[in-house]
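The values are calculated or read from the model by the stated rules, or taken from the named source; none is laboratory data. As the structure is a prediction and not an experimental result, all values here were calculated from the model. With ideal geometry, Cβ positions are generated from the backbone for all residues, glycine too; neighbour counts draw on all protein chains shown. Side chains are part of the model used for accessible areas, which takes the heavy atoms of the whole protein and leaves out ligands, DNA and RNA. Shrake-Rupley method; radii C 1.70, N 1.55, O 1.52, S 1.80 Å.
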Amino acid sequence: MPARIAYTAAREIAEHAAREAPKEACGLLAGRSGHISHSLPVRNLAPRPEAQFELDPREELIALKAIDKRGLELLGAYHSHPDAPPIPSGEDIAGAVDDGLLQLILSLDRSAPRLKIWRIGDGRVTPVELIFEDQSALVDDHALSRFQELAVVIAGLASLFILLALALALLPPAPDLSALP
């Protein structure tokens with residue numbers, strides 16, 4: 001079954017990875033029914049953060065509480081590979097604890113970030129199809145607030161009444177029907 005990721009979550013992960021480079025960035029993935037809607041950054045406490053990641057347990061607990069408070073599910077974890085492709089390393093495979101959780105890897109080894117998602121467990125690595133939600137479906141920067149929508153409707157009605165008044169004012173006078181035989 002494919003995993004879906006919201007544009008905003010993918011963008012936040014990429015921005016987090018870029019900020020942390022050359023260290024690996026890491027965090028948790030949350031959402032519902034395999035749809036990743038939120039990313040929660042967690043500090044990397046690994047002894048060699050340029051080549052590995054280890055979630056800060058305190059920050060991980062805070063992130064897990066935030067996931068629960070929002071009524072979301074923990075779907076997995078993410079980390080970056082600043083100088084390598086988005087393929088699980090030997091350490092990634094050895095460190096995976098639950099193949100029910102998704103493992104997203106973001107690579108910064110090219111000009112544009114690349115994201116791949118995996119299920120890793122019992123020494124097996126299985127790629128999962130990753131579907132990116134359309135930006136416009138999730139983040140509509142041009143969406144109007146209710147007040148703005150109401151203002152547009154009022155402006156439209158006002159324009160209609162003005163046009164009607166102008167049309168009536170420009171009509172020629174009605175003919176005098178009393179003079180007809």
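When each of Ile93, Ile67, Ile13 is tested for being farther than 21 Å from Ile131 by Cβ, modelled with pLDDT of 95 or more and part of a helix (DSSP H, G or I), the lone residue that passes is Ile67. Scoring Ser37 on the criteria (1) more than 22 Å from Ala10 (Cβ to Cβ); (2) modelled with pLDDT of 90 or more; (3) crowded, with 16+ Cβ neighbours inside 10 Å leaves a single failure, condition (1). Scanning the stretch 104-121 for residues that are touching a Leu at 6+ places or on another chain (Cβ under 9 Å) and surrounded by 17 or more Cβ atoms within 10 Å (Cβ to Cβ) turns up Leu104, Ile105, Leu106, Ser107, Pro113, Leu115, Lys116, Ile117, Trp118, Arg119, Ile120.
The combined condition, being surrounded by fewer than 18 Cβ atoms within 10 Å (Cβ to Cβ) and either among the basic types (Lys, Arg) or touching a residue at least 60 places away in the same chain (Cβ under 8 Å) (or both), is not fulfilled by Lys23. Taking the numbered list (1) part of a loop (DSSP other than H, G, I, E, B); (2) at positive phi; (3) surrounded by 15 or more Cβ atoms within 10 Å (Cβ to Cβ) in turn, Gly76 passes all entries but (1). On the basis of being open to solvent by 60 Å² or more (accessible area, probe 1.4 Å), modelled with pLDDT of 80 or more and either farther than 30 Å from Pro49 by Cβ or of a type in the set (Gly, Ala, Ser) (or both), does Gln148 make the cut? Yes, satisfied.
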